[in-house]
Amino acid sequence: MYNLMLTEIRKFFCKRKNILTILGLCALLLIYVFANNSLDNLKTESKLSSYKEELKSSQDSLTTLKQTYDSSKTDMKKLGMLIQRLEENIELMNERNSSALRGDWKTEIKNQIELDKNLLSDINLGNAISGEDTASIEKRIKKNQLLLDSNIEPVNEEASMTPYNFIRLAFKDVLPIVLIIFVLLLSSDVVSSESDEGTFKVLLTQPISRAKILLSKIIAISCIITIITFAILGLFFLALGFTKGFGNPNYPTEFANINFKSLFYSNNGSISQGFIGIGQFILLILPMQVLLVIFISSIGVLVSTIVQNSTVSISVAVIGAVSINILNNQLQFFKKVSHLIPLTYCNIVELLNGNLITKFNNNVTYFNGVLIICSFALVSIAASVIVFRKKDITC
């Protein structure tokens, strides 16, 4: 079986289609990096602009309140408290804004924490209305305090291309759908191409069972795709690290505690969320990524076993999987049973931070995902072996 796997590896790299697919993934990630670098600069400018607008709005409110205070004879105590709070906030905003301009992130965060604490206090007292819920404000305070205590400079988490954040964003924005297409393009012709090229004539005359032939193909293609995917991401990680600095693996990242605490999620109106280091967060992504590659590869091999024409098998596999993904993850067509569909777990970042639980309102947890993906992968492999054993292969 070892020799069969080596043969499969050689065949893989002899196919022009496979090389072009790998280069295509590299090009896509490169475009993603450049696009996010530009977006990161824009978001930095936008943050400074929003700081200025927030300050101006508070200054205008202070002027209005002072005018009201001078002309009003009622509720003077409350007006005085509001004016005092606004003056305190304006002082904090001025210091925060000037700190942001000179790159003093520690002072900027300290002032933001104080502003958020004041906002929470005012909301609880009924003196302020915010577009954010109190849980979000509390979470931001906690995260900023963790950054400050750990001496970690904050980054724009939605666009920054520092190495750790690049990996997290790639698994969140690019790979959930691209991974499906990438793996199926590489795996959905491993059997059908043998029929197209007539190479089964030689292979099936050897004293090797069909089950071993098929299993060697599944193992080889899964290993190759996993290694290639991690190698590409690793090269980008190193390249970004040497150009931007590697950052801190302890950068606080949102994590849903329920992912491992319970097999079944019961909706009690809230999800227990905390923070773990981004390095640990990525380490949790990798095993799930390997399982997804094995599962999607097994689906590709199954389709390739059923359909003997390579072009048709690739088309059927890619179109079918992408359609299910769109219907389930984007349109939520299978919302009630989404936790039983392996493709639900393709966005591993959203899975780990608990957003998928909120989105589907059912048992979409990491632990459950491992069980579902492994089960479907085994069923797909078993089905492929059964079909391959019984199928008449035209050479």
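Each of Gly24, Thr63, Tyr51 was scored by the projection of its Cα onto the charge dipole of region 23-73, and the greatest displacement toward the positive side belongs to Thr63; charges sit on the C-beta of Lys, Arg, Asp and Glu. Here the dipole of region 162-390 is about 380 debye; that uses its Cα centre as origin and unit charges on the Cβ of Lys and Arg (positive) and Asp and Glu (negative).
Magnitude of the charge dipole for region 48-149, about its Cα centre and with charges confined to Cβ atoms of Lys, Arg (+1) and Asp, Glu (-1), is about 80 debye.
Remark: the Lys17-Ala128 segment gains 34.0 nm on full extension, using 0.36 nm per residue and subtracting the alpha carbon distance.
Between rounded, prolate and oblate, where does the chain land on the alpha carbon gyration tensor, with a ≥ b ≥ c its root eigenvalues, rounded for a/c under 1.5, else prolate if a/b exceeds b/c?
Values: a/c = 3.34, a/b = 2.43, b/c = 1.37.
The shape class here is prolate.
Using 0.36 nm per residue and subtracting the Cα-Cα separation, the extra length available between Ala383 and Ser57 on full extension is 110.9 nm.
Per residue, the average separation of C-alpha pairs within less than 8 Å and at least 6 apart gives the chain a relative contact order of 20 percent.
Within the chain, what's the longest run with no trypsin sites (Lys or Arg not before Pro) in a DSSP loop and at most 15 other beta-carbon atoms within 10 Å? Give the range, please. It would help to have the intermediate numbers written out before the result.
Details: sites that count: Lys15, Lys73, Lys391.
Within the chain, the longest run free of exposed trypsin sites (Lys or Arg not before Pro) spans 74-390.
Which is the longest run of the chain containing none of the GluC sites (Glu not before Pro) found in DSSP loop states (not H, G, I, E, B) with at most 14 other C-beta atoms within 10 Å? Kindly include the intermediate steps, with their values, before the conclusion.
Details: sites that count: Glu132, Glu158.
Result, exposed sites excluded: 159-395.
Excluding Ser61 itself, what net charge comes from residues whose Cβ is under 14 Å from its Cβ, given Lys and Arg +1 and Asp and Glu -1? Combined, the nearby Lys, Arg, Asp and Glu give -3.
Can you tell me how much longer the chain between Gln332 and Leu286 gets when fully stretched, taken as 0.36 nm per residue apart minus their C-alpha distance, in nm with one decimal? Before the final figure, lay out each step's value.
Details: separation 46, 0.36 × 46 = 16.56 nm, distance 2.57 nm.
Result for the pair: 14.0 nm of gain on full extension.
Beyond a 27 Å Cα-Cα separation, which of these cross-linked pairs lie in this structure: Lys142/Lys336; Lys117/Lys359; Lys110/Lys359; Lys56/Lys117; Lys244/Lys359; Lys143/Lys335? Result: Lys142/Lys336; Lys117/Lys359; Lys110/Lys359; Lys244/Lys359; Lys143/Lys335 exceed 27 Å. Only the Cβ atoms of Lys and Arg (+1) and of Asp and Glu (-1) were treated as charged; on that basis the dipole of the chain about its Cα centre amounts to roughly 1440 debye. Straight-line reach from Lys217: taking Cα to Cα under 13 Å and skipping same-chain neighbours fewer than 8 places apart, the aspartates and glutamates in range are Glu8, Asp189, Glu194.
Just so you know, all these numbers are worked out from the coordinates, no wet-lab data involved. Quantities reported herein were computed from a predicted structural model and do not represent experimental measurements. Neighbour counts run over all protein chains shown; Cβ positions are idealised from the backbone, glycine included.
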